[in-house]
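Worksheet for the structure shown next.
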Amino acid sequence: MSQTFLDRTLDNLRSAWRELRDSTVARGLGFDENENRKERWRNQIEACLARRGGAVSARARAATLGHDFLRLDEAGKKEFLHLLAAEFDVDRDRVANVMADWMAADDVAERALLEAELRTTLTPPFRSLLKEFNSLPQGVKFLVDLRGDLLRWRKEAPGLGILERDLKTLLTGWFDIGFLELSRITWNSPAALLEKLIAYEAVHAIKSWDDLKGRLASDRRCFAFFHPGMPDEPLIFVEVALVNGIAGSVDDLINRGEDAADPGHADTAIFYSISNAQSGLAGISFGDFLIKRVVAELQRDLPNLKQFSTLSPIPGFRSWMQKQIDARNRGEVTGLPVVAGAGMGALRVTGSLPAHIEAAITDCEDLFEPQPSAERPDEVSPETREALELLCCWYLVNARRPDSGTAFDPVGHFHLTNGARIERLNWHGNGNETGWQQSFGMMVNYLYDLVHIEKNHESYVGQGQVAASGAIKRLAR
């Protein structure tokens with residue numbers, strides 16, 4: 001299904017730009033299809049940057065170039081982008097000359113003028129071309145997808161990194177939270193949008209239209225951020241279950257057999273899936289704003305709600321355990337940096353994990369054998385389960401990334417940064433294969449206590465302190 005709508009999106013983009021390309025203006029621009037391919041690209045780019053003939057001609061030139069680019073295969077696109085990055089980058093000789101003039105200037109006004117010239121000179125010409133695409137129909141989506149490709153090609157085409165970084169700077173400005181609109185998605189939303197919801201769901205796959213209908217029932221909510229330049233494309237969306245009490249099993253939330261309950265009787269909102277829909281916006285965060293905006297919407301419409309909690313995966317836990325086991329097998333000291341002092345950057349290395357954590361890892365090593373002693377949570381012994389729960393709580397509270405001191409678990413870092421606290425660990429919270437491979441089926445609730453959100457945020461970001469319930473803290477010692 002995802003391939004179908006992606007193909008349609010690309011076809012719509014080609015069609016929109018084909019009309020501009022085939023306009024009377026474009027036909028008079030004088031591009032020669034028989035030219036060497038690189039020479040034709042070079043001439044097209046130079047013509048776009050020259051902006052001769054006014055805005056209409058500039059749009060037509062950009063559409064012609066963009067349409068030609070969309071027709072290329074992946075190798076051709078990389079070839080085009082390498083030419084763009086190499087030949088239309090900053091003129092460093094000119095930068096050196098302006099800097100020399102600035103150093104020689106002894107007048108404040110002259111230096112101010114040279115500083116303005118230097119800022120202009122440091123702007124690569126290819127950025128002007130990227131901005132030109134922004135003015136075309138569906139041009140914003142084109143640029144978002146282009147950055148998605150550049151991120152995907154990072155290892156095989158590192159020379160394109162300069163384009164990716166510059167494009168991220170542009171998109172960060174264009175996708176400021178002030179430009180985004182929060183909308184609720186319902187079963188009555190356009191079919192094309194619902195189709196994208198199915199394709200973009202990244203946490204708990206939507207298996208069918210019936211599955212989607214259940215997730216949009218009266219006791220469920222789905223909200224997404226949209227950008228005016230991409231009105232039909234969700235940027236990020238969250239799925240919410242309206243229930244009584246904090247839920248511990250995502251399978252029960254998704255695979256329920258009963259009819260929808262009355263949302264007016266629910267006392268808890270469970271955020272059980274948050275999906276970034278556009279790979280090209282990676283690193284441009286608005287998920288924290290999404291949760292806060294959705295909480296405000298739910299409070300307004302359903303004043304009976306008293307608790308706001310997630311039911312979250314723990315994607316880094318099993319890999320973290322594997323790292324500890326591998327390090328020990330190589331005879332290396334295990335352990336990860338922990339916060340010491342104020343701020344995320346104040347770190348020290350423990351030297352080794354606490355003895356009881358080392359012992360718990362030993363108790364679970366059989367799970368990492370080529371033929372593990374247990375394949376699923378219901379096959380794990382009570383002793384192994386106890387060890388896994390101890391390890392997972394310790395991991396959530398104490399395991400840190402060596403470069404930043406932030407929580408090792410990416411989902412944990414996201415919610416802790418937003419001011420949530422680690423509330424409860426749920427054994428067998430996710431019974432599917434992904435849940436087992438990430439965290440032996442365990443899931444965690446992060447509680448958004450509205451009274452303490454700001455305090456928790458400041459404590460985590462400022463001092464590296466993780467907010468956690470008493471039950472979690474007892475196991476995490």
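Filter region 174-189 for residues that are open to solvent by 60 Å² or more (accessible area, probe 1.4 Å), of a type outside the set (A, V, I, L, M, F, W, C) and either in a loop (DSSP other than H, G, I, E, B) or closer than 15 Å to P234 by Cβ (or both) and give the result.
Answer for region 174-189, where residues must be open to solvent by 60 Å² or more (accessible area, probe 1.4 Å), of a type outside the set (A, V, I, L, M, F, W, C) and either in a loop (DSSP other than H, G, I, E, B) or closer than 15 Å to P234 by Cβ (or both): D176, E181, R184, N188.
From the list S285, S309, S275, S279, which one is open to solvent by less than 40 Å² (accessible area, probe 1.4 Å) and under 15 Å from the mean Cα position of the chain (by Cα)?
S275
Working only within region 396-441, note down all residues that are of a type in the set (S, T, Y) and crowded, with 21+ Cβ neighbours inside 10 Å.
Across region 396-441, the qualifying residue is only S439.
Yes or no: A63 outside any loop (DSSP other than H, G, I, E, B), at pLDDT below 95 and more than 27 Å from the chain's Cα centre (by Cα)?
Considered against the rule, which asks whether it is outside any loop (DSSP other than H, G, I, E, B), at pLDDT below 95 and more than 27 Å from the chain's Cα centre (by Cα), A63 comes out as yes.
Can V444 be described as open to solvent by less than 10 Å² (accessible area, probe 1.4 Å), touching a residue at least 12 places away in the same chain (Cβ under 8 Å) and closer than 21 Å to V250 by Cα?
When the stated conditions are applied, V444 passes them.
For F308, state whether it is part of a helix (DSSP H, G or I) and touching a helix residue (DSSP H, G or I) at 6+ places or on another chain (Cβ under 7 Å).
No.
Can you name every residue in region 18-55 that is part of a helix (DSSP H, G or I), open to solvent by 70 Å² or more (accessible area, probe 1.4 Å) and either modelled with pLDDT under 60 or in contact with a strand residue (DSSP E or B) (Cβ under 8 Å, 6 or more places away or on another chain) (or both)?
Answer for region 18-55, where residues must be part of a helix (DSSP H, G or I), open to solvent by 70 Å² or more (accessible area, probe 1.4 Å) and either modelled with pLDDT under 60 or in contact with a strand residue (DSSP E or B) (Cβ under 8 Å, 6 or more places away or on another chain) (or both): T24, R27.
One line per residue, one yes/no per condition, for (1) on the phi > 0 side of the Ramachandran plot; (2) part of a strand (DSSP E or B):
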{"site": "R385", "(1), (2)": "no, no"}
{"site": "L391", "(1), (2)": "no, no"}
{"site": "G405", "(1), (2)": "yes, no"}
{"site": "H415", "(1), (2)": "no, no"}
{"site": "E423", "(1), (2)": "no, yes"}
{"site": "T434", "(1), (2)": "no, no"}
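Identify all residues within region 339-363 that are closer than 24 Å to E423 by Cβ and either at pLDDT 90 or above or assigned to a helix (DSSP H, G or I) (or both); write none if there are none.
Answer for region 339-363, where residues must be closer than 24 Å to E423 by Cβ and either at pLDDT 90 or above or assigned to a helix (DSSP H, G or I) (or both): H356, I357, A360.
Any residue at all in region 393-403 that is at pLDDT 95 or above and part of a strand (DSSP E or B)?
Looking for residues that are at pLDDT 95 or above and part of a strand (DSSP E or B), one finds none in region 393-403, hence no.
The values are calculated or read from the model by the stated rules, or taken from the named source; none is laboratory data. None of the values given here were measured: they were computed from a predicted structure. Heads up, the Cβs are rebuilt from the backbone with ideal geometry, glycines too, and the neighbour counts pull from every protein chain shown. Note: accessible area is taken over every heavy atom of the protein model, side chains too, but ligands, DNA and RNA are not part of it. Shrake-Rupley method; radii C 1.70, N 1.55, O 1.52, S 1.80 Å.
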